[in-house]
Amino acid sequence: MTTFLYKRNLGKRKGYIDGVFGSGRVMEWIRILMNNNFRVIKKTIKENCNDEGNVLDIGCGTGYFSRLFNNANYVGIDNSDKYIKFANTKYGGKFFVMDANKMDFKKENFDVVLMISFLHHLSDRELKGIFNDVKRVLKKNGKLIIIDPVPVNEQSNFIRRFIFSHDRGCCGRSKEQISRLLENYFKIEKYEVRNSLSCTLQLFICGI
């Protein structure tokens with residue numbers, strides 16, 4: 001579900017990075033190694049999301065976080081055919097290629113919507129359209145959970161700044177910038193900052 005916005009050397013950088021990360025298997029293993037098996041993200045999800053009800057994972061990539069939901073009715077969407085094919089092969093047939101601006105789901109269908117390392121790949125205009133559709137498919141008492149890196153200059157040390165500066169997404173946003181995008185669609189109920197191995201992350205828990 002990603003649109004890559006590069007500030008410099010667009011074609012060359014995109015071709016190289018997409019060549020490396022184009023394979024679902026390669027993408028998953030590289031991310032597991034770089035993120036210490038996603039321990040911080042998994043812990044954050046478990047603390048803030050019950051394994052029950054209907055869960056939608058937007059920008060699910062290779063479907064790695066579906067393993068956290070054994071009882072919930074989990075669905076993952078992404079715009080990458082390769083990632084979705086890999087996810088369905090490895091984790092079961094609950095992943096779909098879909099545009100998050102025009103989701104093929106009924107109104108008020110999900111108890112939880114996840115956006116994990118997703119926002120920094122998209123422009124403000126794209127996110128506004130997605131937030132609008134998330135509000136449509138989220139139940140009135142449901143919640144939106146966002147986990148996304150803070151901007152490069154807010155990463156907690158030079159190693160994390162270096163790693164995140166080479167991320168495929170170039171739209172890292174501060175708490176204030178994300179809050180302004182959310183305010184017309186959701187109420188922010190909780191905000192936290194946590195350090196993972198590779199980057200400093202920010203958590204938003206939002207309701208309608």
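Out of (1) within 22 Å of ASP78 (Cβ to Cβ); (2) at pLDDT below 95; (3) surrounded by fewer than 21 Cβ atoms within 10 Å (Cβ to Cβ), what's the single condition that is false for PRO149?
It fails just one condition, (3).
What pairs come up if the first residue lies in the range 110-127 and is of a type in the set (Lys, Arg), the second is surrounded by 23 or more Cβ atoms within 10 Å (Cβ to Cβ), and their beta carbons are under 8 Å apart, counting only those six or more places apart or on different chains?
Going by the 8 Å Cβ cut-off, there are no qualifying pairs.
On the given criteria, is ASP124 touching a helix residue (DSSP H, G or I) at 6+ places or on another chain (Cβ under 7 Å), acidic (Asp, Glu) and surrounded by fewer than 21 Cβ atoms within 10 Å (Cβ to Cβ)? Spell out the reasoning first.
Details: touching a helix residue (DSSP H, G or I) at 6+ places or on another chain (Cβ under 7 Å): yes; acidic (Asp, Glu): yes; surrounded by fewer than 21 Cβ atoms within 10 Å (Cβ to Cβ): yes.
Taking the combined requirement at face value, the residue satisfies it.
So that you can scan it fast, the table gives a plain yes or no per residue for (1) crowded, with 21+ Cβ neighbours inside 10 Å; (2) under 18 Å from ILE147 (Cβ atoms); (3) out of contact with any Phe, Trp or Tyr (no Cβ under 9 Å at 6 or more places or on another chain):
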| residue | (1), (2), (3) |
| --- | --- |
| ARG39 | no, yes, yes |
| GLU47 | no, yes, yes |
| VAL55 | yes, yes, no |
| CYS60 | yes, yes, no |
| ASN79 | no, no, yes |
| THR89 | no, no, yes |
| GLY93 | no, no, yes |
| LYS102 | no, no, yes |
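Is it the case that some residue within the range 47-57 is more than 23 Å from GLU192 (Cβ to Cβ) and over 15 Å from the mean Cα position of the chain (by Cα)?
Scanning the range 47-57 turns up at least one residue that is more than 23 Å from GLU192 (Cβ to Cβ) and over 15 Å from the mean Cα position of the chain (by Cα).
Go through the range 78-92 and report how many residues are at pLDDT below 95 and within 11 Å of GLY59 (Cβ to Cβ).
Going through the range 78-92 one residue at a time, the tally reaches 3.
The values are calculated or read from the model by the stated rules, or taken from the named source; none is laboratory data. Note that this is a predicted model, so its numbers are computed, not measured. Counting neighbours? That spans all protein chains shown, and the Cβs are built from the backbone with ideal geometry, glycine included.
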